[in-house]
Amino acid sequence: MIAGIICEFDPLHNGHARLLAHARALGADTVACAMSSSFTQRGSFAALSKLARAEMAVRCGADLVLELPAPWAMATAETFARGGVRLLTLAGADTLLFGSECGDLPALRRLADCLDSPALADRLTAAPESGLTFAARRQAAAASLLDDDTAALLQSANNTLAVEYLRALRHTRSAMTPCTLRREGAGHDGAPAGDTASASYLRELLRQGRGEVACAYMPAPAADVLRRELAAGRIADGTICERAVLARLRTMTEADWRPYDPGNEGLYHRLYQASRGACTVAALLAAAKTKRYPLARLRRMVLSAYLQLPPAPAQVPYIRVLAATAAGRAHLRRLRDAGAPVLTKPADVPALGPAAEDLFALESRCTDLYVLARPDLSQAAPGQDYRTTPVMV
C-alpha cells in the first residue's frame, strides 16, 4: 500500500506526526507526501523552507516528499486539492489519507456529491448574494439539499479541504481510495490542547521569537530541524518583503491586476484602488476587504501579483523529489522504470519537455523571492532551486 498525504507541514507538529503514524497503522509500505513549496494556501510565505519541512517529514514517518509547485500550493482549496491529487496519482499512491475535524467519511462524501450536483448550482444561481461570501452561500445551499448539521461541516478548515479532496478524486478520475483521520486536540487556529498545537499557533510563536516553546509541540526530529533553521537565520518573515511587495503593486495598472482575480467578480478593481493609497500590506487588505471576500483570497491575490504567478496548469508535468528515505528511493526506482517523470536533479529538467522547463523556471523564481524574507541575507542567495538536491535519510 502506498499512502499519499497532501500537506504543508509549516511546521510539522505532533498532530501531523499522528497522521503519518496512522498511514503505517493502515498498512502503508510507502508514505508519499505532496507538500506545498515556498508559499502556502493561506496566501503567505512559508515559515520554513520546503527542504527543511521535507526533512522534518522524512525524519518523522514519511518516505517521500514531493513538491507541490506554487501555482497549486497558493490557490483556492479546489485547485490546491486537485494539484495534490494529480501529483500523488502520478507518484503511484493508491490511498489518499487526510485529516478532518469530523472524521466522518460518509458525511464528507455526501457533501462532496452535493457540491458537485446540478441542484446545488441551481440553488446558488437562484439565491440572492446578500453580501455573503461564496462559502457562506454555498453552505446555505448545501443545507437546503442535505441538512444543517452536515452542511455545517463546511465551517471547519480541514473538513472543507477533505471535501475538496473527495471532489478532486472524482474530477481527476483518480483511483486512490480516500481515508480520513479525525483531528484531535487543538483547533485549526486555537490554543494548544495537551501536546498538540496548530501550525498557525506555532508560526505565531516563531514570530514572537519563542521558537523553543514551539518545539515542545513538535516531534523531536522535527524540533531539531527547527532549531537548526532558527540558528542559521532561515525562518522566513513575510513582513521583511513588505516594501518589495508594495513596490511591485504600485507599478501595476488596473488591467495588470485582472489576471489575479480568478472569480472574475471585479475584485481586482478594489485591490487596485487600495494599492493607490495603502502604505502597508495590512492597510491594503483592510481597504479592499468586504464581508463577501475572505481575507485569504485577498492575500493570495496580492502575493500572486507580487510573484507574477500564472494560473495552475492543467497537469503536473513532473514529480520533483524534495526528500526520501531508502523505502522512498526504492519506490522512485519503480516509478522511473515505469516511465514516470521523476525529477531529482535540476539538470534533468530539459529532458522532461517545455512545460516542465517553464514550471521549474517559475518555481525557481518564486524561491528566489521567498528567500529574501529571511532575516539573514547571507541565506538569501538566488538560484537555490538549481543548486539544491533532495534530502536523503
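The values are calculated or read from the model by the stated rules, or taken from the named source; none is laboratory data. These figures come from a predicted structure and were not determined experimentally. Virtual Cβ from ideal backbone geometry, glycine too; neighbours counted across all protein chains shown. Accessible surface is based on the protein model in full, side chains and every heavy atom, while ligands, DNA and RNA are left aside. Shrake-Rupley method; radii C 1.70, N 1.55, O 1.52, S 1.80 Å.
Couple of notes before you dig in:
- Accessible area of the chain belonging to carbon and sulfur atoms, whole % at 1.4 Å probe: 54 percent
- Taking every protein chain into account, the 1.4 Å probe leaves residue 166 with about 10 Å² of accessible area, to the nearest ten.
- Percent antiparallel among DSSP beta bridges (both partners in the chain, rounded to 5): 20 percent
- Heavy-atom accessible area, probed at 1.4 angstrom with all protein chains present, ranks 24, 138, 387 as 387, 24, 138, highest first.
- Residue-level accessible surface for residue 368, protein heavy atoms, 1.4 Å, Å²: 40 Å²
- Taking the Cα centre of the chain as origin and assigning +1 to Lys and Arg Cβ atoms and -1 to Asp and Glu Cβ atoms, the resulting dipole is close to 440 debye.
- Cα-based shape type of the range 148-253, given that a ≥ b ≥ c are square roots of the gyration tensor eigenvalues and the cut on a/c is 1.5: oblate
- When all protein chains stay in place and ligands, DNA and RNA are ignored, the 1.4 Å accessible-area order of 183, 203, largest first, is 183, 203.
- List 213, 245, 391, ordered by accessible area with a 1.4 Å probe, largest first: 213, 391, 245
- Averaging the sequence gap over all C-alpha pairs within less than 8 Å and six or more residues apart, then dividing by the number of residues, gives the range 1-103 a relative contact order of 38 percent.
- Computed over the alpha carbons of the chain, Rg followed by Dmax gives 20.4, 56 Å.
- Considering only alpha-carbon pairs that sit under 8 angstrom and 6 or more positions apart, the relative contact order computed for the chain is 23 percent.
- Cα gyration tensor shape of the range 42-134, rounded if a/c is under 1.5, else prolate or oblate by comparing a/b with b/c: prolate
- The alpha carbons of the range 172-314 occupy a box of 49, 43, 29 Å along the principal axes, longest dimension given first.
- Nearby aspartates and glutamates by direct alpha-carbon distance to residue 291 (threshold 18 angstrom, same-chain neighbours under 8 apart not counted): 129, 261, 265
- Only protein heavy atoms count here; on that basis, with a 1.4 Å probe, residue 240 has an accessible area of about 80 Å².
- The range 240-393 - accessible surface per residue (Å², probe 1.4 Å): 49 Å²
- When both bridge partners sit in the range 1-50, DSSP labels roughly 25% of those beta bridges antiparallel.
- Qualifying lysines (Cα of each under 20 Å from Cα of residue 50; at least 8 residues distant if same chain): 345
- Whole-angstrom gap from the range 259-336 to the range 142-179, using each part's C-alpha centre: 22 Å
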